[in-house]
Amino acid sequence: MKEARFTFLLGLLLLVACGSNSSPKTTPPSGRYSADSLMLLASADLDAAYRRIGEGELGGELSAHEAALMNANITYLFTENYTLAKDHCRNAIDALGENDDTRRLAALHLLGTIAETDKDFNTCIKACSEGKAIAHRNKLPLEEHKFDYIAGKCMFDLDLNDEGIALMQSSIDKARPLVKTESDLGNLVYFVNNLINCYLAVGDMQKALDASETLEDLLGNMETKYPDDKPYCDSYRYHLYAERAVAKVSLGQTDAAQADFDRALAYDFAYSVGGCMLQADYYAAKGQVDSVASMLARCPYQATDTVQRLYRRRLSRIEQAYRVAGDTAMASLYRHRIDTLSQLIERRE
């Protein structure tokens, strides 16, 4: 979800801005054109951020590669126009020199991530294959594992659940002892949280709990080493406790689940769109239909939400709540609605 992407994307930006030895610019842009400054502006006024990036490129403060990559990042983070974000990313790659492997790796990582979000499986797998080959050639095993993770998530999205989760879990296990930087640790937090959600989606609650222990260890490490990252860690603390509550209540550990859920509600993130959706997950697992409906009513709908996966997820939580509550007739009604919507989405794609 978008609230979880910020540090993940900023880390990519900083890696690319620092560049490789083959590039004449070896220090990241600063001040008005720095990654964090432009990202902050985009969060308040996206059009102004686009204009400043163009101004920076025209004035020589940003290279064509840096400008295109920043455009890709803010388009991905602050809009739903993933096609445009991918186009910007490809422009960033095209602007690189032939041997600029460091920047190419980071740009391919971003392209693969955007493509996975957009369910553009061909682009995702192609970017991951190219990126992994470059990483292997440069003896960068951590980067290889990152591309394996993205490919695994892509496989999961293709309903290859067992194969996708296995590759995601394997890549995380191999990457964890290699992590040394702040941005890499932020990436790993993001990866493990996604893995937990995949386990929840397939109903493997015990493995979701096991992965939550990994996430808790990573967050503790990040909070100790990088205290300035507290807002990022807090958002994931919310994820940790809310997701753990869903797993525990599904396993019948109701008291422990409620304790985790109460801890989750202490975080401001609980009242974001993503936070409300996780609360709906918890109430669905408890079979509390009215509470699910109440939480979903607090989540603003997007303009095209009725034909998107987010709306299907909303329906599925209501269907789950009815099923847990034992109302099979209503559960069947919502399952029919979900199946009809799924067919519409498939035809559209």
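Quick check: Cα centre of the stretch 56-75 to Cα centre of the stretch 102-149, how many Å?
That distance is 21 Å.
Would you calculate the separation in nanometres between label points at ASP217 and THR83, each defined as 7 Å from the Cα along the Cα-to-beta-carbon direction?
Distance between label points: 4.4 nm.
Please give the FRET efficiency for GLN258 paired with ALA293, using the beta carbon to beta carbon distance and R0 = 22 Å, rounded to the nearest 0.05.
Numbers: r = 20 Å, r/R0 = 0.92.
That pair, GLN258 with ALA293, gives E of 0.65.
Sketch the reach of a paramagnetic label on ASP162 as a point 7 Å from Cα along Cα-to-Cβ, and name the residues of the stretch 202-242 whose backbone nitrogen lies under 18 Å away.
Flagged as within label range: 202-208.
Given the pairs LYS139/LYS180; LYS207/LYS230; LYS146/LYS207; LYS153/LYS286; LYS119/LYS225, which are separated by over 24 angstrom at their Cα positions?
Numbers: LYS139/LYS180 16 Å; LYS207/LYS230 27 Å; LYS146/LYS207 21 Å; LYS153/LYS286 28 Å; LYS119/LYS225 35 Å.
Among LYS139/LYS180; LYS207/LYS230; LYS146/LYS207; LYS153/LYS286; LYS119/LYS225, the Cα-Cα distance tops 24 Å for LYS207/LYS230; LYS153/LYS286; LYS119/LYS225.
What is the Cα centroid distance between the stretch 161-230 and the stretch 313-349, reported in whole angstrom?
Here the answer is 30 Å between Cα centres.
Let me know the shape class of the stretch 122-263, please: from the alpha-carbon gyration tensor, a ≥ b ≥ c as square roots of the eigenvalues, rounded when a/c is under 1.5, otherwise prolate if a/b is greater than b/c, or oblate.
Numbers: a/c = 2.67, a/b = 1.38, b/c = 1.93.
Oblate shape, in that a/c is at least 1.5 and b/c is the bigger or equal ratio.
Values in this text are rule-based calculations from the coordinates and carry no lab data. Quick caveat, the model's predicted, so the values are computed rather than measured. Please note: Cβ atoms are built from the backbone with ideal geometry, for glycine as well, and neighbour counts cover all protein chains shown.
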